[in-house]
Amino acid sequence: TDRSLVILDELGRGTSTYDGTAIAYSVINEISHRIKCRTLFSTHYHSLVDDFSHSEFVEFMHMACKVEKEDLADPTNEAITFLYKLKPGFCPKSYGFNAAKLAGIPENIIRVGFEVAQNMEREHLVKKLMSENLDAAETRRLIKLIRDIKF
């Protein structure tokens, strides 16, 4: 009912990224548009931010953290302290590589994973640009800029 409190943590965990995102999307959509009850929904599906950013029924919050020695080129150098404070807005950055470091995964493996993630992010941006209605010359120019970015 609209007087209920729903708490969902990592719905879709253990599924493929697409299946998990689709399940989470459907549940959020149902709760926010039909049931309209107060809900706490934690997820690592960051694409849901885009999907619900304009919804009047969804408010984004994230757990704050303090980043010391921020290093955009090598996440193994960062020191992150989780503050356990709920803050408005969506999480500005993923800290998965920090979680890997805390789990004891060797730094060389984390660095390779970070490089792979950067390449995946670039490819995602390229595909997104290609799906938008840009003229061919502008698309080529933007793709070149993205490929030249050094994260």
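Taking the residues in region 75-109 that are loosely packed, with under 14 Cβ neighbours inside 10 Å and of a type in the set (Val, Ile, Thr) as candidates, determine which candidate is farthest from GLU59 (Cα to Cα). The qualifying residue farthest from GLU59 (Cα to Cα) is ILE109.
State yes or no: is LEU125 touching a strand residue (DSSP E or B) at 6+ places or on another chain (Cβ under 9 Å), assigned to a helix (DSSP H, G or I), of a type outside the set (Val, Ile, Thr) and surrounded by 12 or more Cβ atoms within 10 Å (Cβ to Cβ)? No, not satisfied.
The numbers here are math on the coordinates, done by the rules we state, and not lab data. Everything quoted here is computed from the prediction, not taken from an experiment. In this analysis, Cβ positions are derived from the backbone assuming ideal geometry, glycine residues included, and neighbour counts consider all displayed protein chains.
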